[in-house]
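Accompanying notes for the structure given below.
The values are calculated or read from the model by the stated rules, or taken from the named source; none is laboratory data. Everything quoted here is computed from the prediction, not taken from an experiment. With ideal geometry, Cβ positions are generated from the backbone for all residues, glycine too; neighbour counts draw on all protein chains shown.
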Ligand SMILES: *Cc1c(COP(=O)(O)O)cnc(C)c1O
């Protein structure tokens, strides 16, 4: 780090005084040539200095400790008088803040679902800010709301491939809704489950529905004591948070076992449905969730079989394709998501494999009437029959990120995105081969999409695990967990490359975990040479810290 970030209200180098005339100037577009060239300079600074900084510094982050940073960010006063000019603010962000942030664009940063984005996203985001449309209502967005509806229809069509006249009928129809934009996958999943809950506890004689009357009266009216959501153990943690908010209770998210490929064990799912649908269980199943690209392993459930079961029992079938959805744009790999078109609702994140900046999730509904279950109106906004997109949305005021996706789809085309998807999946397979061929490592989940997990597991440990003695396997795994946790941490602290880590339930004991390293391959600049370097660094860390270690036998 060059110097500590100075986000403190230390004495300004220049002193300013707040006054009306200067304040007004900040609301007017640069009017003189001098102002304009200053503005251009700022944009240049951001695009080139910041972007160049990121591409020059393939390292992940500075060595500055969190403790040092916490000290630098400890002044909680708002400066009384204006303290900095924009030029200085930008300079400090570039010089002091950015080096201590995380370079998620680095091709060596292969641990999370946040990565490099195409440069054209930057001007598109600037446009969204410059227009500052609020798509909660037509009166603050007009054409931008219609563009958003068109974009939703395009994504809906990518998933559901309904006939052209379906989209001609619904794309701009104020009575129906194909889906909605949210700030991310969590809110998209929440929207889907909110709709599913309201449909499961709809009006019956004398009862106006759960949205109006609440959970207690809903259970009484529907003659149940409980409602549940069924999803595999690989479900995203948002699926536990949401039932908390919806009042269902997160203990009622029932974790279904997975098979050897990390996919929902369909027989287990069927058994759970049998259990909860017997009248004596007095339980309503709100939704069954299929995963299309699990966060931890990138695996895809057998969506057709889950759809069959849901159809047979008339249960809402939601597919969480927050990660995997864009795979549908690949000619080669779209088939991996086969069955997604049978889902009642589907979540896709824009800020993951559509390579958009943060803040874009989407939820789509097969039936364009279903979102009516969450419609809200007000006198001054969201009037009945209007185009106002805020009628069926958790958010009120909302930025027009749909404009970024709409433009990106035109710039990239389906084929362009398809190439990115293919690169990730094929690189993950190559990386898996590399891991399999290396004596020090063990592949713990083969990549189905572009995510894989593995761990350091030296030959002596592999041999020690090859036993009928479950206690011994657990003891060996505990030691491996320690080794892998430390290797991941040391590599992160070295700051050159980054993989993440997660833990899976131990096959021999439900209370035990198996720690694994997790790699997410979405950056098109990452190649197999870079991944080899990442592994080499892990080997070096192992040799430096653990080479003498032997398994507990
Ligand atoms: C990322 C992710 C989510 C949550 O999305 P956010 O945008 O982080 O809110 C949900 N489900 C899956 C499968 C995900 O990968």
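Counting the residues of region 526-553 that are at pLDDT 95 or above and outside any helix (DSSP H, G or I) gives 2.
How about region 487-500: which of its residues are in a helix (DSSP H, G or I) and surrounded by 16 or more Cβ atoms within 10 Å (Cβ to Cβ)? Residues satisfying the conditions are 487, 488, 490, 491, 492. I want to confirm something. Restricting to region 434-445 and keeping residues that are in contact with a strand residue (DSSP E or B) (Cβ under 9 Å, 6 or more places away or on another chain) and without any contact (Cβ under 8 Å) to a residue 60 or more places away in the chain, which single residue is farthest from residue 259 (Cα to Cα)? Residue satisfying both the conditions and the ranking: 436.
Looking only at residues that are out of contact with any helix residue (DSSP H, G or I) (no Cβ under 6 Å at 6 or more places or on another chain) and crowded, with 16+ Cβ neighbours inside 10 Å in region 463-474, which one is farthest from residue 449 (Cα to Cα)?
Here is the first cut: in region 463-474, the residues out of contact with any helix residue (DSSP H, G or I) (no Cβ under 6 Å at 6 or more places or on another chain) are 463, 466-472, 474.
Subset that is crowded, with 16+ Cβ neighbours inside 10 Å: 472, 474.
On the way: 472: 33, 474: 30 Å.
Taking the candidates together, the pick is 472.
Filter region 316-348 down to the residues that are within 20 Å of residue 199 (Cα to Cα) and either surrounded by 22 or more Cβ atoms within 10 Å (Cβ to Cβ) or modelled with pLDDT under 95 (or both) and list them by number. Answer for region 316-348, where residues must be within 20 Å of residue 199 (Cα to Cα) and either surrounded by 22 or more Cβ atoms within 10 Å (Cβ to Cβ) or modelled with pLDDT under 95 (or both): 316, 317, 318, 319, 320, 343, 344, 345, 346, 347. Within region 114-135, none of the residues are buried (at least 17 other Cβ atoms within 10 Å of the Cβ), modelled with pLDDT under 90 and more than 24 Å from the chain's Cα centre (by Cα).
Residues of region 324-331 include at least one that is away from the ligand (no atom under 16 Å from the Cβ) and either assigned to a helix (DSSP H, G or I) or closer than 15 Å to residue 151 by Cα (or both). Is it the case that some residue within region 388-402 is modelled with pLDDT of 95 or more, in a helix (DSSP H, G or I) and under 20 Å from residue 133 (Cα atoms)? Yes, region 388-402 contains a residue that is modelled with pLDDT of 95 or more, in a helix (DSSP H, G or I) and under 20 Å from residue 133 (Cα atoms). Condition (residue is surrounded by 24 or more Cβ atoms within 10 Å (Cβ to Cβ), touching a helix residue (DSSP H, G or I) at 6+ places or on another chain (Cβ under 6 Å) and part of a strand (DSSP E or B)) applied to region 292-315: is it met by at least one residue? Taking every residue of region 292-315 in turn, at least one turns out to be surrounded by 24 or more Cβ atoms within 10 Å (Cβ to Cβ), touching a helix residue (DSSP H, G or I) at 6+ places or on another chain (Cβ under 6 Å) and part of a strand (DSSP E or B).
Residues considered: 434, 449. Of these, the only one that is more than 19 Å from residue 364 (Cα to Cα), part of a loop (DSSP other than H, G, I, E, B) and at pLDDT 95 or above is 449. Scanning region 230-271 for residues that are in contact (Cβ under 8 Å) with a residue 60 or more places away in the chain and either more than 16 Å from the ligand (Cβ to nearest atom) or closer than 21 Å to residue 445 by Cα (or both) yields 231, 232, 233, 234, 235, 236, 261, 262. The residues on offer are 544, 503, 540, 509, and the sole one that is within 14 Å of residue 478 (Cβ to Cβ) and either out of contact with any strand residue (DSSP E or B) (no Cβ under 9 Å at 6 or more places or on another chain) or crowded, with 20+ Cβ neighbours inside 10 Å (or both) is 509. Residue count for region 188-229, restricted to those that are within 16 Å of the ligand (Cβ to nearest atom) and touching a strand residue (DSSP E or B) at 6+ places or on another chain (Cβ under 7 Å): 7. Among the residues of region 333-353, write down those that are near the ligand (Cβ under 10 Å from one of its atoms), outside any strand (DSSP E or B), in contact with a helix residue (DSSP H, G or I) (Cβ under 6 Å, 6 or more places away or on another chain) and farther than 20 Å from residue 429 by Cβ. Once the filter is applied, which keeps residues that are near the ligand (Cβ under 10 Å from one of its atoms), outside any strand (DSSP E or B), in contact with a helix residue (DSSP H, G or I) (Cβ under 6 Å, 6 or more places away or on another chain) and farther than 20 Å from residue 429 by Cβ, region 333-353 yields only 350. Across region 58-92, the number of residues qualifying as surrounded by 17 or more Cβ atoms within 10 Å (Cβ to Cβ) and over 26 Å from residue 491 (Cβ atoms) comes to 2. Given the structure, is residue 30 modelled with pLDDT under 85 and farther than 30 Å from residue 523 by Cβ? Answer is yes for this residue. Residue-level analysis places residue 179 among those that are closer than 18 Å to residue 367 by Cβ and buried (at least 23 other Cβ atoms within 10 Å of the Cβ). So is residue 149 modelled with pLDDT of 95 or more, more than 16 Å from the ligand (Cβ to nearest atom) and over 14 Å from residue 404 (Cβ atoms) or not? So residue 149 fits the description; yes.
Do we find a residue being surrounded by fewer than 21 Cβ atoms within 10 Å (Cβ to Cβ), within 16 Å of the ligand (Cβ to nearest atom) and either at pLDDT 95 or above or within 23 Å of residue 233 (Cα to Cα) (or both) anywhere in region 359-380? The answer is yes, given that some residue of region 359-380 is surrounded by fewer than 21 Cβ atoms within 10 Å (Cβ to Cβ), within 16 Å of the ligand (Cβ to nearest atom) and either at pLDDT 95 or above or within 23 Å of residue 233 (Cα to Cα) (or both). Has region 382-398 got any residue that is surrounded by fewer than 20 Cβ atoms within 10 Å (Cβ to Cβ) and either under 28 Å from residue 298 (Cα atoms) or in contact with a strand residue (DSSP E or B) (Cβ under 6 Å, 6 or more places away or on another chain) (or both)? Looking for residues that are surrounded by fewer than 20 Cβ atoms within 10 Å (Cβ to Cβ) and either under 28 Å from residue 298 (Cα atoms) or in contact with a strand residue (DSSP E or B) (Cβ under 6 Å, 6 or more places away or on another chain) (or both), one finds at least one in region 382-398, hence yes.
Taking the criterion of being within 16 Å of the ligand (Cβ to nearest atom) and more than 15 Å from residue 492 (Cα to Cα), the residues of region 93-114 that qualify are 113, 114.
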